[in-house]
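Read-outs: derived from the displayed coordinates by stated rules, not from any lab. The model shown is predicted, which means the values in this text are computed figures rather than measured ones. Don't worry about glycine lacking a Cβ; one is built from the backbone with ideal geometry, like all the others, and counts go over all protein chains shown.
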Amino acid sequence: MVNILPSAVLFCCTMNEVRSPMAEGLMKRYHGKRVFVDSAGVHMGKLDHFMVDVMAEMGVDMTHHKPKTFENLVADSFDTVISLSPHAQHKAVDLTRYMHCDVKFWNIFDPSLIEGSRDTRLAAYRQVRDQLRQKILDLFPFANDPRF
């Protein structure tokens, strides 16, 4: 199987608190030595500790993630931009006015909207993490993934 990876990928969501940092962490885990990966939000968020906890379960350390907006991005060119919320999709499409990039939309549920016990909330975060992992590995197969 020939695996053609983009050179730079941006994941974006509404606040850069949960979904896009999860996707960034997973993509870096699988392809971080071959692909520049970043994430951003339409609005500035804050570090979400449930996100940090469920990513740690997979061995991905997100304790140093600093949420940022599109305006705070260091890089100004991405081959692929994947938006994870409708709000971010509009911003991602706007990028195509000055950047040649492939824009994809994965409408991923925001687990921070779930109320209930810690276990209930963590289960929602795990579900989103696992959904993102599956989508990333489907789009960008990992050479050592036993599925391939």
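May I ask you to derive the relative contact order of segment 68-148, considering only C-alpha pairs under 8 Å and at least 6 residues apart, and to give it as an integer percent? Worked out over segment 68-148, it gives 22 percent. All other residues with a Cβ under 12 Å from the Cβ of residue 57 taken together, and with Lys, Arg as +1 and Asp, Glu as -1, what is their net charge? It works out to a net charge of 0. Quote the FRET efficiency, to the nearest 0.05, computed for residue 119 versus residue 63 with a Förster distance R0 of 30 Å and r equal to the Cβ-Cβ distance. Step by step, r from the Cβ atoms, then E = 0.90.
Please list, by residue number, everything in segment 9-46 whose backbone N is under 14 Å from a paramagnetic label point 7 Å out along Cα→Cβ of residue 53. Counting backbone N atoms under 14 Å from the label point, the list is empty. Taking the helices alone, the chain has a mean residue ellipticity at 222 nm of -11500 deg cm²/dmol, built from -39,500 (n - 2.57) per DSSP H run of at least 4 residues and averaged over all its residues. Fully extending the segment from residue 96 to residue 4, taken as 0.36 nm per residue of separation minus the present Cα-Cα distance, adds 31.0 nm. Taking a straight Cα-Cα cut-off under 19 Å and skipping sequence neighbours fewer than 8 places away in the same chain, the lysines within cross-link reach of residue 46 are 66, 68.
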